[in-house]
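Notes follow once the structure below has been shown.
Please treat every number below as a calculation from the coordinates, not as lab data. Quantities reported herein were computed from a predicted structural model and do not represent experimental measurements. Counting neighbours? That spans all protein chains shown, and the Cβs are built from the backbone with ideal geometry, glycine included.
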Amino acid sequence: MRKDEVYRKTKETEVSVKVNLDGEGKADIDTGVPFLDHMITSLATHSMIDITAKVKGDLRHHAVEDLAIGLGEAMNKALSSREGIARFGNAAAPMDCSLAFAAVDLVKRPYFKIDLKLRGKKVEDMPTEDINHFFESLATSLCANVHMVVQYGNNDHHKAEAAVKALALSLRQAVAIDPKRKGVPSSKGVI
């Protein structure tokens, strides 16, 4: 099984993350930020990646950022050399009034383009800038190319949830083992 974990302790946070890429979508999340717990639970459920995450932090921003770093690092380690994976994934996900698209390339070259079209200052208990920062930090620490765009929507909660579901579905495709693939999925022979 492709599993790994990361423990990260700084003066600001203590983060423990475990992932199983070949899981069932189980989530055990406790970040101290209820909307972040909701997003990570949705990410696990729809990506079929088991995620356990425990976070203690001095500030909400630090907890959000360090969880994204830890989660990305754990997934990156679990992917190892990326041999045999599909590598690419893309999906659209609706959530009531909102529609989001995500595309992922697990290429080991971090890049992100994220446009969630969030209008308010907060979604539930989470500043919108922290939501964007979470996805940016996740893409960087996962060493992945991640594009996420909300096409439209009237409700910021629904936009963010549609985006995380689209990302989850994209990751589910990208981390999947391709039975036809021998070696790494790259014409260069390395990722």
GNM top mover of I69, I177, I131 - the chain, alpha-carbon springs below 10 Å
I177
Taking the Cα of K9, stepping 7 Å toward and past its beta carbon, and measuring to each backbone N in the stretch 64-89: which are under 20 Å?
64-71, 73-74
The farthest towards the positive end of the charge dipole of the stretch 1-93, of the residues P34, V19, H46, given +1 on Cβ of Lys and Arg and -1 on Cβ of Asp and Glu, is V19
Could you line up C143, C97 from fewest to most neighbouring Cβ atoms inside 10 Å?
C97, C143
Which of [x] 25, 20, 14; [y] 32, 17, 15; [z] 38, 24, 11 is the computed semi-axes √(5λ) of the Cα gyration tensor in Å? It is [x]
Cα centre as origin, Lys/Arg/Asp/Glu Cβ charges: the chain dipole, Debye
800 debye
Listing M95, M75 by rising number of other beta-carbon atoms within 10 angstrom, fewest first, gives M95, M75
Note the full-extension length gain between Y152 and N90 as 0.36 nm times their separation in residues minus their Cα-Cα distance, in nm to one decimal.
20.5 nm
Between D58 and I177, with labels modelled 7 Å along Cα→Cβ, what's the label distance in nm to one decimal, could you check?
4.4 nm
Ignoring everything except DSSP H segments at least 4 long, calculate the 222 nm mean residue ellipticity for the chain; use -39,500 (n - 2.57) per segment, divide by total residues, nearest 500.
-12000 deg cm²/dmol
